[in-house]
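Following: one structure in structure tokens, then a few remarks.
What follows is calculated from the coordinates using simple rules that are stated; it is not laboratory data. This structure is a prediction, so every number in the text was calculated from the model and none was measured. Backbone-built Cβ (ideal geometry, glycine too); neighbour counts: all protein chains shown.
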Amino acid sequence: MHTSRSLLALPCCLIVLVLLLLGGCSGDPEKKKAVHYEKAMAYVQEKNPSAAIIELRNAIQVDPKYAAARYQLGLLYLQAGEARNAFNELQRAASLDPANLDAKLKTAEFLLMGRDKEAAKKHVEEILAAKPEHVDALALLATIHTADNKLDEADAAIDKALGLEPKQDRLYLIKGRVLLARKNPQEAEALFKKAIEVNPDKPANYQMLLSFYQSSGKRAEAESMARTMIDKFPDQVEPRVLLASLFRQANDTAKAEAAYKEAIDKFPKDPTLRMIVADFYDQTGTFEQAEAAYKAAVETAEKPLDAQARLADFYFEHKKFDLAKSTMDEVLAKEARHSGAMLVQNKFLVKEGRNQEALTALSATVRDFPQWADAHFTKALAHLGLGENELALASVGEAIKHNPRNSKYHTTLAFLHLRAQKFEDAKKEAAIALQLQPRNFPAALLFARSVLMAKEYDNAVKILEDMRAKVPNNVEVVGSLGLAYLGKKEPDKALAAFQEVLKLQPGNTPALVNVARIQQQQGKKKEEILQLVRDQIKTAPDSAGNLMLLATMLMTEKQYDEALGLTRKVQELQPQMTSAYTLGAEIYKRLDKTDEAVGEYNKLLTSGSNKLQAYMGLGAIHEQRGERDLAKKQYQEVLKISPNFAPAANNLAWIMTEDEQPDLGEALRLAMVAKQALPEDAHIVDTLGMVHYKRGSFGLARAEFALAAQSRPDMPVFQYHLAMALYGDGQKDEAMKELQEALAKEQPFKERAEAEALLKKWQAEAGQ
């Protein structure tokens with residue numbers, strides 16, 4: 001103990017002394033690493049973790065297998081909140097020194113937090129094999145078994161731990177959680193109280209009992225426990241925050257605000273509290289109060305840049321983009337790699353449609369900060385912007401895992417489920433979003449639309465009529481109501497709803513489309529429908545959607561010049577509107593003016609709006625022209641943007657099969673990528689079959705061609721390919737039969753002449 005006090009009193013003298021004692025060690029790695037280690041430990045005693053980390057890194061640089069240094073470094077990273085680095089170092093320490101059970105235990109805890117229960121369990125079992133009475137390992141094993149619902153095993157582990165250390169309060173908490181899993185809340189409550197009895201000075205014990213009351217719906221008991229904590233720990237801010245949170249969850253905004261104000265009065269300089277209060281005002285829709293709270297946090301924070309970055313994010317979410325950018329730039333000017341400001345920067349990239357660029361940065365962010373919910377959510381938006389719905393779904397799921405009480409996340413998940421036609425899931429997530437934030441109008445609308453898309457038309461009409469009564473002039477509500485009436489086969493009411501939308505918003509193209517469709521069904525002539533659209537354009541001359549609708553209608557009527565003129569006008573009005581270029585290209589292709597079509601796709605590339613569509617369009621034209629190398633180049637560009645984009649992977653694979661010296665291995669990979677994305681698409685199945693055929697795998701080819709032919713019997717080309725595979729597999733009679741059936745069908749196909757010639761050849765070989 002005397003030595004410890006000397007370390008604290010004379011740190012510099014100690015370091016000098018150590019260096020003198022180990023003088024001349026520069027040529028001895030063992031002595032050199034020991035110097036760094038001792039210096040690190042001195043810095044730990046001084047409470048200078050940054051310097052300690054540097055010295056430990058120096059020690060590891062001398063000897064990468066220095067387990068003790070890695071263990072201490074892991075502990076320091078853990079203290080600093082750098083979870084990823086802590087895990088890496090502790091895991092390395094455990095592998096280098098199997099006798100270091102503490103390192104192995106902490107590694108197991110990390111693995112469990114990462115939901116790798118099996119790996120965590122393996123580490124715990126290794127600890128217990130070395131030391132069967134390791135209490136912390138037994139406690140963790142009980143936690144793992146509880147998560148796996150192996151409650152008898154959990155009981156055995158925690159009871160053994162309690163038998164060894166009956167005065168360890170946290171063991172009672174674990175035992176209580178086991179009893180909760182057994183649906184025995186009364187005994188669980190008793191054990192949570194026992195933990196408080198064993199250690200009445202530990203806030204976490206009270207908090208566990210509070211959480212129990214809260215989850216059990218015992219609001220009064222939860223509130224009482226929060227007030228007990230306030231009395232017991234008057235110098236801690238957390239109990240007051242817990243009390244306010246209880247009121248927030250009960251949607252008692254007034255009491256929550258009062259509790260926060262009391263907390264601010266008691267802890268006026270606590271920056272974390274200021275941030276929590278700012279979030280509260282943000283969620284309750286009071287912008288000015290939220291802004292003031294964020295600014296107060298900036299003024300009181302030890303790390304003002306963190307609070308300032310949050311303020312920038314707050315401005316961004318409220319569409320105050322100029323303020324968001326200037327605040328973000330202030331932070332980045334002082335710290336170029338500030339993670340919070342960089343997240344806002346990535347949000348701007350997503351907003352500007354630079355999704356791939358944002359994804360590159362966000363992938364690194366979530367790797368370094370795997371529990372940062374908003375980073376996962378922003379990554380989801382980037383995936384959504386690229387049309388990668390499954391990846392967006394996964395990222396939103398990660399965001400919710402780390403912050404399950406964010407209404408916005410659940411709203412987005414509801415949207416994704418709705419897009420995927422998972423209506424029950426969409427309703428569920430929208431309901432959760434509304435529970436978390438009752439005034440979340442987008443969630444309410446998503447709920448209504450989920451009911452509508454599930455074809456529960458009567459229920460949808462009721463919900464939407466109620467919403468219209470509350471927000472009578474909302475075009476989305478009225479438009480959805482129109483769709484519900486269409487579903488109920490009440491066209492007059494639907495027409496009235498869509499016409500109401502057009503009065504409220506003359507440029508609303510979906511409403512105009514539905515009005516046109518209903519009137520056509522009611523017997524209106526094409527000329528009258530065209531005039532209806534022209535009249536609406538007079539009302540909203542700058543509606544790009546309406547102009548594109550008219551252009552599309554004119555194209556179907558072969559009025560190409562006027563249609564092209566409209567696409568050019570839209571390109572001027574909205575240079576980033578993809579359809580203005582793709583429709584123009586389609587018209588030129590119909591006119592057999594492929595150079596001009598190429599020009600339209602090149603203009604789309606220049607606009608920067610949808611490079612993927614542009615490259616796909618160019619690829620198709622080059623392929624049609626027989627310019628296979630140019631086509632391949634375009635499809636490769638698509639795959640750089642979206643590596644799993646099925647149409648590009650499929651088309652590239654097909655072209656590669658036609659090369660003089662084809663790379664059939666790469667073609668197979670691409671065809672498999674395409675099929676994995678769209679397994680039911682007959683054209684994609686056919687391409688995979690052709691790759692197998694070219695590789696000489698006739699059995700595999702036959703299976704794929706058969707699937708394609710079965711799903712699309714109207715396309716004889718698939719049956720022709722099946723015949724080729726059968727013939728290659730030695731089933732010549734069956735091959736000729738399939739080919740004859742294919743050629744007997746009236747539907748034209750590009751390879752018909754080749755197929756006819758092949759049949760004659762086979763018949764000649766068979767002597768027919």
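Model label points for Gln661 and Ser216, set 7 angstrom from Cα along the Cα-to-Cβ axis, are 7.7 nm apart. For the chain, adding -39500 (n - 2.57) for each run of n ≥ 4 DSSP H residues and dividing by the number of residues yields -25000 deg cm²/dmol at 222 nm. Run the count for the range 639-768, please: Lys pairs, Cα-Cα under 27 angstrom, 8 or more apart or on different chains. Going through the range 639-768 pair by pair, I get 22. Which length gain, in nm to one decimal place, applies between Gln636 and Arg517 when the Cα-Cα distance is subtracted from 0.36 nm times their residue separation? Here the answer is 38.9 nm.
Sequentially through the range 393-402, phi angles give Karplus couplings (6.51, -1.76, 1.60; θ = phi - 60°) of 4, 5, 5, 5, x, 5, 4, 5, 4, 8 Hz, Gly and Pro residues having no value and appearing as x. Estimated at 0.36 nm per residue, the fully extended path between Lys303 and Leu573 surpasses their Cα-Cα distance by 92.6 nm. Relative contact order, whole percent, for the chain stands at 3, derived from Cα pairs under 8 Å and 6 or more residues apart. For the range 347-394, the relative contact order comes to 36 percent (Cα pairs under 8 Å, sequence separation of at least 6). In order along the range 495-504, phi translates into HN-Hα couplings of 4, 4, 5, 5, 5, 5, 4, 5, 5, 6 Hz, rounded to whole numbers, per the Karplus curve 6.51 cos²θ - 1.76 cosθ + 1.60 with θ = phi - 60° and x for Gly and Pro. With a Cα cut-off of under 15 Å and a minimum spacing of 8 residues unless on different chains, the lysine pairs in the range 148-203 number 12. Coupling constants for the range 202-211 follow from the phi torsions by the Karplus curve (6.51 cos²θ - 1.76 cosθ + 1.60, θ = phi - 60°), and in residue order they are 10, x, 4, 5, 5, 5, 4, 5, 4, 4 Hz; glycine and proline get x. Report the FRET efficiency, 1/(1 + (r/R0)^6), for Arg625 and Asp535, where r is their Cβ-Cβ distance and R0 is 30 Å, rounded to 0.05. Step by step, r from the Cβ atoms, then E = 0.15. Post the alpha-carbon centroid distance, the range 557-588 to the range 65-137, in whole angstrom. Here the two parts' Cα centres lie 62 Å apart. The length gained on full extension between Glu262 and Lys750, counted as 0.36 nm times the residue separation minus their Cα-Cα distance, comes to 167.8 nm.
Measuring r between the beta carbons of Phe233 and Ser50 and using R0 = 22 Å, the FRET efficiency lands at 0.15.
Given a Förster distance of 60 angstrom, what is the FRET efficiency for Ala190 paired with Arg337, based on the Cβ-Cβ distance and rounded to 0.05? That pair, Ala190 with Arg337, gives E of 0.75. Starting from the 7 Å offset along Cα-to-Cβ, what nm value, one decimal, do you get for the label separation of Ala677 and Asp279? Spacing of the two 7 Å Cα→Cβ label points: 3.7 nm. Within the same chain, lysines fewer than 8 places from Lys462 are excluded, and of the rest, those with a Cα less than 18 Å from its Cα are Lys427, Lys470, Lys488, Lys489, Lys493.
The relative contact order of the range 169-318, computed from alpha carbon pairs under 8 Å that lie at least 6 residues apart in sequence, is 11 percent. The long axis of helix 526-539 is offset from the longest Cα principal axis of the chain by roughly 40 degrees. Round to the nearest 10 and give me the degree value, 0 to 90, for the angle of helix 594-607's Cα axis relative to the longest principal axis of the chain. The angle comes out at about 20 degrees. A straight Cα-to-Cα reach below 21 Å connects Lys569 with the lysines Lys538, Lys558, Lys589, Lys593, Lys603, Lys611, residues fewer than 8 places away in its own chain not being considered. Projected label points at Arg439 and Val198, each 7 Å from Cα along the beta carbon direction, are separated by 4.6 nanometres.
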